[in-house]
Every structure is written in C-alpha cells, then in structure tokens.
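The values are calculated or read from the model by the stated rules, or taken from the named source; none is laboratory data. Since this is a predicted model, take the numbers as computed values, not measurements. Backbone-built Cβ (ideal geometry, glycine too); neighbour counts: all protein chains shown.
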Amino acid sequence: MAGRKLKASGMLEGSTILEVLISMIVIIVVFGIGMMIFGNVTRASLSEKKMEAQSVLQQRMLDIEASNDSLSTTIQGNDLRVEQKISQYGDNAHLSLVQLAAYDNNQQKVAELDKVIIKP
C-alpha cells in the first residue's frame, strides 16, 4: 500500500493493478446504489405531488359540474396553479369539454384532467 514506510532501498511499495481495480469496482457499486436510492426518493416525492394535484383537479371538476361554470380561468393555490379551459364539444351546444391542468411552482405540468359534461 502507498501509506507504508520507505524500505531500506529508498523505494515505496505501491498497489497492484488488481487492488486498484477492486477498489474502483467497489466505489462504482456504492455510487450506483446511492443513485438508485436518490432516484426512488425523487420519484416518490413527485408521485405524492401528482396525487395531490389529481385530487385538486377532481374536486374542481365536481365544482364545475355543480355550478355549470362556463368560464376559462386560472386559479392559484398554495403550491399549485390550476388552468381551466371550457369549450363547446363538437357541434352539440349541450356538451362542454372541460380541460383542467395543474402546474407546480416550477411551471411544470403535474397533472391534467379532461371531461365532457352535459349542460342543462
């Protein structure tokens, strides 16, 4: 190993190629395991945000159906921005296409919900 004392001849004893390769393989395996754990944690936090956004969009859809709202608006919540677009569906005046999309603080789309509803 490199940390050993000098021999009487004045030369240092070095590591063999086999030792270096084994240490590199161990480092790569540990790094790979760490990256997998980081990816799983990141994916889990994103799915929680998606579930929350989906819940908010479903509640907003129920509110639109109950109130017969026909305006396209943007609603800002705590950490979500919901964009609501309502348009006529096809040629039928009694059908409306409601498109809801939720965006996070980084302006990335987290969830979306589309539904055709019947207007009275």
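Kindly evaluate Leu80 against the criterion of being touching a Phe, Trp or Tyr at 6+ places or on another chain (Cβ under 8 Å) and either hydroxyl-bearing (Ser, Thr, Tyr) or at pLDDT below 90 (or both).
yes
Just for the stretch 84-120: of the residues that are closer than 17 Å to Asp69 by Cα and of a type in the set (Val, Ile, Thr), which one is farthest from the chain's Cα centre (by Cα)?
The selected residue is Ile118.
State which residue is surrounded by the fewest Cβ atoms within 10 Å (Cβ to Cβ) when the search covers only the stretch 59-83 and only residues that are part of a helix (DSSP H, G or I) and of a type in the set (D, E, K, R).
Ranking the candidates gives Asp63 first.
Kindly list the number of the only condition in (1) among the polar types (S, T, N, Q); (2) within 18 Å of Lys115 (Cβ to Cβ); (3) without any contact (Cβ under 8 Å) to a residue 40 or more places away in the chain that fails for Ser15.
Going through (1) among the polar types (S, T, N, Q); (2) within 18 Å of Lys115 (Cβ to Cβ); (3) without any contact (Cβ under 8 Å) to a residue 40 or more places away in the chain one by one, Ser15 breaks only (2).
As an exercise: evaluate Ile86 against (1) in a strand (DSSP E or B); (2) of a type in the set (A, V, I, L, M); (3) exposed (fewer than 10 other Cβ atoms within 10 Å of the Cβ) and give the number of the one condition it does not meet.
(3)
Just the residues that are surrounded by 14 or more Cβ atoms within 10 Å (Cβ to Cβ) and not charged (D, E, K, R), please, taken from the stretch 96-114.
Listed by number, the residues that qualify are Ser96, Leu97, Val98, Gln99, Leu100, Ala101, Ala102, Tyr103, Val110, Ala111, Leu113.
Being surrounded by 10 or more Cβ atoms within 10 Å (Cβ to Cβ) and either on the phi < 0 side of the Ramachandran plot or at pLDDT below 85 (or both) is true for just one of Met1, Met11, Met24. Which residue is that?
Met24
Check off (1) within 30 Å of Lys119 (Cα to Cα); (2) charged (D, E, K, R); (3) surrounded by 12 or more Cβ atoms within 10 Å (Cβ to Cβ) for Lys49 and give me the number that stays unchecked.
Just one mismatch for Lys49, condition (1).
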